[in-house]
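Just below is one structure, and these are the notes that go with it.
The values are calculated or read from the model by the stated rules, or taken from the named source; none is laboratory data. The structure displayed is predicted, hence computed values, not measured ones. Positions of Cβ are generated from backbone atoms using ideal geometry, with glycine treated the same way; all protein chains shown enter the neighbour counts.
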Ligand code: AP5
Ligand code: MG
């Protein structure tokens, strides 16, 4: 889709707990704003599928529900943002995840004479997250996200967008989900504080249906569609 509703926003950070809907909403914002969707989790999963050293290293942490160390993550993100398609900015999904990553992002953007325009927190209570992750299916080809109850594909087991097979993520297994929530929620609080102090934080109720969350995010960005 064309850059409908595009304003002078270049770097948008999507914040939220595991399962809050960051990936789902990043796809919508990408289409509406014409900025690339950069998800550190997706970059790690791709690196692992490709059998790279970085992918293997990251996978050890992901499988345990732990955050991948900052030096690995920041290096990878820096490289991704240097790609030509990110010259005008990006929608960051899953980065930053720690206070150190938030500070590194500020520094990296300062070098480009820019800054994070908005940090959008998709707020979902912990009890809803487990159900969302247990029912999530993603497509094998591109990671397009579905949910067996709230966002089912048109044909069971097939991606609406590219027809590839739907699979479940290994880290959505119940024990790993509990580990992810326990280890990652405190770090999320620090990142939220970082952007609150900078006056960049906008909170959106992530319990609403997917389309209503999208609309609320666009309103928060001042880029709501009038359709
Ligand atoms: P990552 O892939 O980023 O996983 P995550 O943060 O745990 O988030 P998820 O992808 O699980 O959830 P989401 O918020 O994208 O929700 P989704 O849209 O899919 O990271 C994976 C791992 O990589 C981490 O655990 C860590 O090890 C490592 N990692 C990544 N980044 C890192 C970093 N910066 N530093 C260190 N380590 C890092 O939606 C979830 C489900 O809910 C779907 O089924 C969806 O259909 C459904 N849904 C979405 N919205 C709604 C709604 N409004 N109502 C009802 N259902 C909904
Ligand atoms: Mg995601």
With (1) near ligand 1 (Cβ under 7 Å from one of its atoms); (2) assigned to a helix (DSSP H, G or I); (3) surrounded by fewer than 17 Cβ atoms within 10 Å (Cβ to Cβ) as the list, and residue 23 as the residue in question, which single condition is left unmet? (3)
Go over the candidates 55, 51 one by one and state the one that is more than 7 Å from ligand 1 (Cβ to nearest atom), in a loop (DSSP other than H, G, I, E, B) and farther than 22 Å from residue 182 by Cα. 51
Of residues in the stretch 62-105 being without any contact (Cβ under 8 Å) to a residue 12 or more places away in the chain and assigned to a helix (DSSP H, G or I), the one nearest to residue 38 (Cα to Cα): 79
Can you tell which of 178, 165, 169 is in contact (Cβ under 8 Å) with a residue 12 or more places away in the chain, surrounded by fewer than 13 Cβ atoms within 10 Å (Cβ to Cβ) and within 13 Å of residue 18 (Cα to Cα)? 178
State the number of residues belonging to the stretch 199-217 that are farther than 17 Å from residue 92 by Cα and over 15 Å from the mean Cα position of the chain (by Cα). 9
Restricting attention to the stretch 107-127, the residues that are assigned to a helix (DSSP H, G or I) and free of Cβ contacts under 8 Å to residues at least 24 places away in the same chain number exactly 4
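Quickly run through the stretch 128-149 and pick out the residues that are without any contact (Cβ under 8 Å) to a residue 40 or more places away in the chain, under 17 Å from the mean Cα position of the chain (by Cα) and surrounded by 16 or more Cβ atoms within 10 Å (Cβ to Cβ). I'd like the intermediate steps shown before the answer.
Of all residues in the stretch 128-149, those without any contact (Cβ under 8 Å) to a residue 40 or more places away in the chain come to 131, 135, 137-142, 146-149.
Checking which are under 17 Å from the mean Cα position of the chain (by Cα) leaves us with 137-139, 142, 146-147.
The answer is 137, 138, 139, 146, 147.
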So how many residues does the stretch 132-147 have that are touching a strand residue (DSSP E or B) at 6+ places or on another chain (Cβ under 9 Å) and outside any loop (DSSP other than H, G, I, E, B)? 8
Within the stretch 204-221, which residues are assigned to a helix (DSSP H, G or I), modelled with pLDDT of 95 or more and away from ligand 2 (no atom under 16 Å from the Cβ)? 211, 212, 215, 216, 218, 219, 220
Could you tell me which of the residues 74, 91 is closer than 21 Å to residue 17 by Cα, more than 9 Å from ligand 1 (Cβ to nearest atom) and surrounded by 17 or more Cβ atoms within 10 Å (Cβ to Cβ)? 91
Which of the residues belonging to the stretch 127-162 are touching a helix residue (DSSP H, G or I) at 6+ places or on another chain (Cβ under 8 Å) and either within 14 Å of ligand 2 (Cβ to nearest atom) or within 15 Å of residue 23 (Cβ to Cβ) (or both)? 129, 133, 136, 143, 144, 145, 147, 150, 151
Among the numbered criteria (1) assigned to a helix (DSSP H, G or I); (2) surrounded by 15 or more Cβ atoms within 10 Å (Cβ to Cβ); (3) at pLDDT below 95, which one does residue 190 miss? (3)
Quick check, is residue 89 away from ligand 2 (no atom under 16 Å from the Cβ), touching a strand residue (DSSP E or B) at 6+ places or on another chain (Cβ under 8 Å) and under 21 Å from residue 194 (Cβ atoms)? yes
Scan the stretch 33-45 and tell me whether some residue there is away from ligand 2 (no atom under 16 Å from the Cβ), at pLDDT below 95 and buried (at least 21 other Cβ atoms within 10 Å of the Cβ). yes
